[in-house]
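Have a look at the structure below, then the notes.
Each reported figure results from applying straightforward, stated rules to the coordinates on display, with no laboratory input. Nothing here was measured: the structure is a model prediction, and the numbers come from that model. Quick reminder, even Gly has a Cβ in these numbers, built from the backbone with ideal geometry, and neighbours come from all protein chains shown.
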């Protein structure tokens with residue numbers, strides 16, 4: 001029986017088009033390094049403006065031009081020979097929860113297009129990732145990694161740079177900077 005890996009999509013496998021859509025909406029030129037938090041709603045403004053942005057966002061496909069993170073596809077394909085790969089990605093956008101179905105569709109179509117070796121039955125869309133049990137989890141958000149997981153790999157991203165080594169140690173999490181490091185850990 002193969003061991004199970006839960007792999008996040010956004011900022012682990014690919015850079016979605018979120019920032020491009022945000023810049024188009026605001027008429028700005030933000031870059032990821034301009035942020036240190038995952039939730040960037042405060043820069044948008046009022047709650048009304050935030051809701052307007054999420055409505056705008058859902059009219060676009062943030063995965064049409066998503067940028068694959070270097071090594072993700074090749075490493076996942078290698079890992080799929082030894083592990084059961086489950087893609088586990090959040091899809092409910094707060095403020096527009098009932099309209100989030102489009103995001104499910106966009107993510108699913110992206111995964112089917114880019115990762116034909118991933119079993120579609122092993123794609124999980126949930127914001128509650130901490131309920132799963134697996135052997136390995138690769139994610140970019142600490143709150144997602146609090147479930148019953150043996151090996152926890154935090155993929156380095158703009159919004160997790162401030163997590164201290166002590167926090168990682170306290171939660172039994174290893175920070176990885178790229179897919180080559182993941183391959184070295186999981187395919188020894």
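Before moving on, here are some points about what is shown:
- Antiparallel DSSP beta bridges within the chain, as percent of all bridges there, nearest 5: 10
- Part-to-part distance (alpha-carbon centres) for region 144-188 and region 110-131, which is given in Å: 20
- Between 0 and 90°, nearest 10: helix 101-114 axis offset from the chain longest Cα axis: 50
- Largest GNM mean-square fluctuation among 166, 73, 122, using the chain with Cα springs under 10 Å: 166.
- Degrees separating the helix 47-58 axis from the principal Cα axis of the chain, which is the longest one: 60
- FRET efficiency for the pair residue 41 and residue 156, taken as 1/(1 + (r/R0)^6) with r the Cβ-Cβ distance and R0 = 22 Å, rounds to 0.45.
- Once the Cβ-Cβ distance of residue 117 and residue 29 is raised to the sixth power relative to R0 = 41 Å, the FRET efficiency obtained is 0.65.
- Shape annotation for region 18-58: C-alpha extents along the principal axes are 25, 17, 15 Å, from largest to smallest.
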